[in-house]
Amino acid sequence: MFRNSRADFPKEFLFGTATSAYQIEGHGFGGAGPTHWDSFAATPGNVVRAEHGQRACDHYHRYAEDLDLAAAAGFDCYRFSTSWARVMPEGRGAPNPEGLDFYDRLTDAMLERGLKPCVTLYHWELPQALADLGGWRNGEIAKWFGDYTEVIMSRIGDRMYSAAPINEPWCVGWLSHFLGHHAPGLRDIRATARAMHHVMLAHGTAIQVMRALGMGNLGGVFNLEWATPADDSAAAQQAAARYDAIYNGFFLGGAFHGRYPDLALEGLEPHLPQGWQDDFATITAPVDWCGINYYTRKRIAPDTGPWPHYAEVDGPLPKTQMGWEIYPQGLYDFLTRTAREYTGDLPLLVTENGMANADVVTDGTVQDAARVAFVDDHLDALRRAIAKGVPVQGYFLWSLLDNYEWALGYEKRFGLVHVDFDTLKRTPKASYHALQSALSDASN
Ligand code: FCB
């Protein structure tokens with residue numbers, strides 16, 4: 001049972017669930033082109049058991065059943081993503097008619113069930129043909145992304161409730177090019193700086209393209225991670241501030257203030273592409289809302305190694321199956337701080353929050369009490385932010401289904417619905433049933 005219910009939130013507050021294309025659809029179907037995740041996963045050591053998204057949850061064929069589950073849970077919104085490689089297998093040039101038809105069917109299937117379609121245009125499956133040209137390192141990518149945006153939104157944009165260009169710019173930039181944890185698996189500061197900047201330029205370009213198509217309710221989706229200094233020393237404070245600047249400030253600062261923080265430029269500026277300052281006119285293209293994906297915090301200590309001179313240290317809080325500390329206060333802190341420092345009166349949405357859990361499967365039921373507690377605690381934090389006057393207008397749970405958790409393969413389960421990856425059978429977990437009753441309680 002949830003403590004929170006729909007009745008505890010403002011009347012217009014939206015509840016949704018989120019998924020992404022490569023994680024659920026099955027990229028082996030329907031004429032999708034190869035992506036950099038396929039090559040990354042095929043390289044030993046990158047992904048647990050070298051698992052990939054060729055079949056995933058087979059949502060491509062089972063979307064009707066999946067959307068039935070989302071609707072029956074009582075959600076208002078369904079956040080999904082379109083795959084660039086499914087729409088344009090080569091990343092540029094001829095679209096794949098089967099791909100366009102699929103997203104058309106999917107959109108109508110949401111509307112038929114009363115789910116508001118909330119689209120994201122890029123959730124990480126870069127077409128391999130573009131990766132071959134340098135991917136996010138190549139400044140041309142903003143234009144390629146704009147063209148892709150135009151193709152897919154000319155087909156489904158008329159029926160979208162909301163749209164955001166890019167899921168989690170930090171992951172596309174830093175996680176994938178500096179830490180090397182995600183495709184393309186680079187560990188290169190120059191590639192990182194360029195990818196971080198180009199992803200912001202692509203964001204602004206796509207916003208402009210969608211405005212020109214007459215679309216509204218456009219936003220950006222940023223993953224934010226709270227940085228707690230490991231101790232009281234000035235050095236630890238500085239290290240945490242640098243972590244915060246790279247992780248959070250770079251992207252929010254770029255989109256909402258038209259500048260990058262000094263503590264991030266300190267290491268990245270020499271590697272940014274020529275004329276980068278001139279791109280802010282595009283990067284700051286006005287949006288209608290700001291999405292925050294929030295999962296955890298990190299404890300940060302100074303480190304004597306090269307820039308960025310910090311290290312993550314283990315924290316004392318209970319952890320999820322991902323090993324991430326559970327820290328709902330961080331959600332409150334980010335909602336209040338984002339409004340105060342970046343977005344003012346602009347609506348905020350929590351576009352992802354949730355946990356991977358070692359769910360217990362017995363006799364056809366799936367027990368996941370920890371997930372209910374996690375979501376409830378974060379909803380409490382969200383309500384505290386609303387009570388402080390922060391304009392938070394929605395909450396999306398990651399995720400509807402257990403799915404392909406990137407470098408961790410199919411092992412980490414984030415779903416409200418359990419997926420048996422041998423039979424592909426869907427079984428709603430205890431959290432799903434609890435949420436269903438919480439969302440049906442609108443007695444305020
Ligand atoms: C987010 C991603 C999503 C999923 C969750 C756990 O960073 O957007 O695809 O992997 O984390």
Handout entry: Largest-first principal axis extents, alpha carbons of the stretch 110-231, Å
Key = 48, 40, 22
Completion exercise
Whole-Å distance linking the alpha carbon centroid of the stretch 109-171 with that of the stretch 193-260 is 18 Å
Fill in the blank from the handout: Mean projected area (nm²) from the convex hull of Cα positions in the chain is 19.7 nm²
Completion exercise
For the stretch 374-384, in residue order, the Karplus 3J(HN,Hα) values (coefficients 6.51, -1.76, 1.60; θ = phi - 60°; whole Hz; Gly and Pro = x) are 4, 5, 4, 5, 6, 5, 4, 4, 5, 5, 5
Problem - Size of electric dipole in the chain: Cβ of Lys, Arg +1 and of Asp, Glu -1, about Cα centre, debye, nearest 20 - result: 380 debye
Practice task
Per residue of the stretch 133-150, in order, report the coupling 6.51 cos²θ - 1.76 cosθ + 1.60 (Karplus, θ = phi - 60°) as ³J(HN,Hα) in whole Hz, putting x for Gly and Pro.
Solution key: 8, x, x, 5, 6, 8, x, 5, 4, 4, 5, 4, 5, x, 5, 4, 4, 5
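Restricting to the chain, what percent of DSSP beta bridges are antiparallel, rounded to 5?
Numbers: 12 of 49 bridges.
Counting DSSP beta bridges with both partners in the chain, the antiparallel share is about 25 percent.
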Completion exercise
Expressed as a percent, the accessible surface of the stretch 90-206 that is carbon or sulfur, using a 1.4 Å probe and the full set of protein chains, is 48 percent
Practice task
Return the sequence-ordered ³J(HN,Hα) values of the stretch 273-278 in whole Hz as given by the Karplus equation 6.51 cos²θ - 1.76 cosθ + 1.60 applied to θ = phi - 60°, using x for Gly and Pro.
Solution key: x, 3, x, 4, 4, 6
Practice task
Quick one: which residues, 5+ away or cross-chain, put their amide H under 5 Å from the amide H of Ala311? H built at 1.01 Å from N.
Solution key: Ala301, Asp303
Completion exercise
Long-range amide H partners of Val366, meaning residues 5 or more apart or on another chain whose placed amide H is closer than 5 Å, are Ala430
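Between Thr304 and Ala387, what's the calculated FRET efficiency when r is the beta-carbon distance and R0 is 56 Å? Round to 0.05.
Values: r = 43 Å, r/R0 = 0.77.
Using R0 = 56 Å, I get an efficiency of 0.80.
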Completion exercise
1/(1 + (r/R0)^6) with r = Cβ-Cβ of Asp314 and Thr427, R0 = 35 Å, i.e. FRET efficiency to nearest 0.05, evaluates to 0.55
Practice task
Sum up the charges of everything whose Cβ sits under 9 Å from the Cβ of Pro316, counting Lys and Arg as +1 and Asp and Glu as -1, but leave Pro316 out.
Solution key: -1
Problem - Distance (nanometres) between label positions extended 7 Å along Cα→Cβ at Asp441 and Gln329 - result: 2.7 nm
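As a test of the formula, what do you get for the chain when each DSSP H run with n ≥ 4 contributes -39,500 (n - 2.57) and the sum is divided by the residue count, at 222 nm and rounded to the nearest 500 deg cm²/dmol? Show your work: numbers first, answer last.
On the way: 15 runs with 159 residues, N = 444.
Estimated from H runs of four or more residues: -10500 deg cm²/dmol.
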Problem - Calculated FRET value between Gln277 and Asp188, using beta carbons and R₀ = 25 Å, to 0.05 - result: 0.65
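Only Lys, Arg, Asp and Glu count, each charged at its Cβ (+1, +1, -1, -1), so figure out the dipole size of the stretch 114-269 about its Cα centre, rounded to 20 debye.
Details: 11 positive and 15 negative charges, 98 e Å.
Dipole about the Cα centre, nearest 20: 460 debye.
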Handout entry: Mean-position separation - Cα centroids, the stretch 316-344 and the stretch 409-435, in angstrom
Key = 25 Å
Completion exercise
For the chain, the charge dipole (Cβ of Lys, Arg +1; Cβ of Asp, Glu -1; about the Cα centre) points to a positive end, and the Cα of Cys57, Ala230, Thr427 closest to that extreme belongs to Ala230
Fill in the blank from the handout: Per residue, accessible area of the chain with a 1.4 Å probe, heavy atoms of protein chains only, in Å², comes to 36 Å²
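The values are calculated or read from the model by the stated rules, or taken from the named source; none is laboratory data. Just so we're clear, the structure is a prediction, and the values are computed from it rather than from any experiment. For neighbour counting, all protein chains shown are included, and Cβ atoms are generated from backbone atoms with ideal geometry for every residue, glycine included. SASA here: full protein model, heavy atoms, side chains in, ligands and nucleic acids out. Shrake-Rupley method; radii C 1.70, N 1.55, O 1.52, S 1.80 Å.
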